[in-house]
Structures are given as structure tokens and as C-alpha cells.
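What follows is one structure encoded as C-alpha cells, with my remarks underneath.
The values are calculated or read from the model by the stated rules, or taken from the named source; none is laboratory data. Note that the coordinates shown come from a computational prediction; the quantities given were computed from them, not determined experimentally. Cβ placement follows ideal geometry from the backbone for every residue including glycine, while neighbour counts extend to all protein chains displayed. Accessible surface areas use protein heavy atoms only, side chains included; no ligands, DNA or RNA. Shrake-Rupley method; radii C 1.70, N 1.55, O 1.52, S 1.80 Å.
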Amino acid sequence: MRLEKCWFCSSTVYPGHGIQFVRNDAKIFRFCRSKCHKNFKMKRNPRKVKWTKAYRRLHGKDMTQDATFEFERKRNRPERYDRNLTENTLKAIKTIDKVRSRREETHLKNRMKGKAAKERREAKKEHDQQIHMVVAPGALAKDTSTKTAKVTVKVQHELSENRMEE
Amino acid sequence: MATNSASNCFRAGRSLLRGLSNVSSGMLRSQQETPCNSFLAQQIRTFIQMRSNLKVVDNSGAKRVMCIQALKGKKGARLGDTIVASVKEAQPGGKVKKGQVVYGVVVRAAMQKGRCDGSEVKFDDNAVVLVNKQGEPIGTRVFGPVPHELRKKKHVKILSLAQHIA
């Protein structure tokens, strides 16, 4: 049993899932779901579609170079079953996963480092440019010239009620 | 009188022109829409049925055959099924002649077929390998990829002749 990668979004294709398309030159395109298959049929480039792994890797959104990726590799030689080895592997999977998630977290943190400062800078710029639009809260209360006197309007309730009865 | 008729003519001509311009704009719009809808307009692939044209991917001498009967199933033949076909195009000096009625195994089908694990497989085109009544291939070579499902259908000879197995 082998867990393949989707050609379009690079997610894992579990057995029994998705569709595979075999081109006449015997290249196999595996897709994890119909979404990826349809995007392929529309001749979209996965490097230009924002939700794919290829795009995120290309644009520095995700961690690309890490030692933890080396463990996940295609091996064509079948391994002879060894109980101890299997046990160790299963233990290692958890550890490696923990390490990778931690590193991904730090990568994200590094990527977002300048974000708060940048946002503050932009807000300050906008504030400086648009300050003339802001009116102090006390200014409206003082300025009575624009205010108009209240006009009371008589509303005829009785007439409408009579009509309803009819 | 003359001026009146002339003005009438003019009006008619203008209305005609307007009609033409409307038509042309409509055509333009339809042309613009087609590339967006190209994936929607993509042909839905179906069974190999009577009058389906198939490519012959062996060296039996036939180039194109037309299905005249699917030997299994009500709707038609799918990947791995056997069909009866008539040779429509053949190379001179081959083992089969034009107009001959032959048996063939569908080795590639554009319609997807479910695999034993629940995933699906589909190919670029509809292709067939000619066999005799006993199911032995007429040619001695098979071109392009063939699916491993043929083993289940007892066509091991075709699998061993094939270049690629998908």
C-alpha cells in the first residue's frame, strides 16, 4: 500500500480515493478529489492557484527546506518486516511530527514578524492624510446654527382604525 | 413621392443594419463566452457502443476499427471488455484487411472505470488490441500504456507485450 501525492494540490491520496488519469505517454496524474481533477481539466497551473501546496511553497508561505521532509520519501525497495524496526518507526513518526509542527510554527512567526509594525505604519499614514475629515465630538454640540427646530406633526390615528373595522 | 420612398428605403436600410449589428454583437459575445465554458462543454465520456471508432494499438495491420457489438453488458463495453469490430482503416500488407470483422480487447478507454480499491482510472483515448476468438492477440506488439485490470480478464499476453502498465 502506498500513499500517493495529488498532482494538483500535493495532498496525500489515500487508497480508494480520487481518480487517476493516464496520458498516452504513460504519465500518471493522480488527483485526490474531483476539485483537483476539474482544475486539471481546466488546464490550470497549480503554481498559480493559491490554495495548492505548489503555490505556497513557491511564494514562501510554507516551510520548504527542512530535515524533517527527508523522512517522507519514495522508496522502491520493499523493507523486510522487523518487529523492532516497525515499533521504532511508529515511535519516530510522532516525534518527527512534533518537531515539524514546531518548526512550521516558528516559520510562520518569522514570516509574520513585521506585520504589526507595518499595519501601524499604514494606519498612521492614513490618519495623517485624512485628519481633516475627523470632527471633534464637542464641535457638533456647540454649533447650533446647523440645527433646525423640531416640528411636530399631527398624525391621524382614528381614521385608519375606522377603516380597519370596515 | 420620390423623396418619400427614398426616406422609406433609408429607414429600412438602417433597421436592417441595426439588426445586422445586433447579430454580430451577439456572435461576438458567444465567442467570448466559449473559452470560459470550454470545460463545461467538455464531452462526457460514455461506454464504447455500436459505431464507436477505436484506435488499434498493435501491429496487426489495422489502424482504425468501428465497434459493431459489445460482447458484455447492456450499455456497451468498458475498459478491459471484448468487442466485435469491423476494420475501417488498414495498412496494406497487414494481417487484417479493411472490411474484416474482428474481435478486440479495449485496452484504453476515456470513460473512467472503478478500480478494485474504489479509486478510478481513465485514459486519453479509446484504443483496442485485436485478438482472435480464443483471446490471443493477432499482433506481436502493443503500444502505449495498458491497465493491469487486463490480468483479471485473462489477457496476460497483452500485458506482457505492453510497454507500460498503468
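Yes or no, residue by residue, for (1) in contact (Cβ under 8 Å) with a residue 60 or more places away in the chain; (2) away from chain A (no Cβ under 11 Å):
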position	(1), (2)
B:GLY76	no, yes
B:ALA90	no, yes
B:LYS95	no, yes
B:GLY99	no, yes
B:ALA109	yes, no
B:GLU120	no, no
B:ASP125	yes, no
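Among the residues of region A:25-53, those that are assigned to a helix (DSSP H, G or I) and open to solvent by less than 30 Å² (accessible area, probe 1.4 Å) comprise A:CYS36, A:HIS37, A:ASN39. Those residues that are open to solvent by less than 10 Å² (accessible area, probe 1.4 Å), without any contact (Cβ under 8 Å) to a residue 60 or more places away in the chain and out of contact with any helix residue (DSSP H, G or I) (no Cβ under 8 Å at 6 or more places or on another chain), I need them from region B:136-166; list them, please. Once the filter is applied, which keeps residues that are open to solvent by less than 10 Å² (accessible area, probe 1.4 Å), without any contact (Cβ under 8 Å) to a residue 60 or more places away in the chain and out of contact with any helix residue (DSSP H, G or I) (no Cβ under 8 Å at 6 or more places or on another chain), region B:136-166 yields only B:PRO145.
Output the number of the condition that B:GLN32 fails; it satisfies all remaining conditions of (1) more than 30 Å from A:TYR14 (Cα to Cα); (2) at pLDDT 95 or above. B:GLN32 satisfies every listed condition except (2). Can you name the residue in region B:114-131 that is open to solvent by 50 Å² or more (accessible area, probe 1.4 Å) and either under 20 Å from the mean Cα position of the chain (by Cα) or modelled with pLDDT of 95 or more (or both) and, of all such residues, is nearest to B:GLN163 (Cα to Cα)? Among them, the one singled out is B:ASP124.
State all residues of region A:110-139 that are touching a Lys or Arg at 6+ places or on another chain (Cβ under 9 Å) and over 26 Å from A:GLY60 (Cβ atoms); if no residue qualifies, say none. Of everything in region A:110-139, nothing turns out to be touching a Lys or Arg at 6+ places or on another chain (Cβ under 9 Å) and over 26 Å from A:GLY60 (Cβ atoms). Can you tell me how many residues in region B:66-90 are of a type in the set (A, V, I, L, M) and surrounded by fewer than 20 Cβ atoms within 10 Å (Cβ to Cβ)? Residues that pass the stated criteria total 4. Within region A:54-65, which residues are on the phi < 0 side of the Ramachandran plot and part of a loop (DSSP other than H, G, I, E, B)? Of everything in region A:54-65, those that are on the phi < 0 side of the Ramachandran plot and part of a loop (DSSP other than H, G, I, E, B) turn out to be A:HIS59, A:LYS61, A:ASP62, A:MET63, A:THR64, A:GLN65.
Are any of the residues in region B:73-80 closer than 21 Å to A:LYS27 by Cβ and in a strand (DSSP E or B)? Taking every residue of region B:73-80 in turn, none turns out to be closer than 21 Å to A:LYS27 by Cβ and in a strand (DSSP E or B).
Does B:PRO147 fit the bill of being within 14 Å of chain A (Cβ to nearest Cβ) and more than 16 Å from the chain's Cα centre (by Cα)? Judged against the criteria, B:PRO147 is a match.
Looking across region A:1-24, just one residue is out of contact with any Asp or Glu (no Cβ under 7 Å at 6 or more places or on another chain), facing chain B (nearest Cβ under 8 Å) and open to solvent by 50 Å² or more (accessible area, probe 1.4 Å), and that is A:HIS17.
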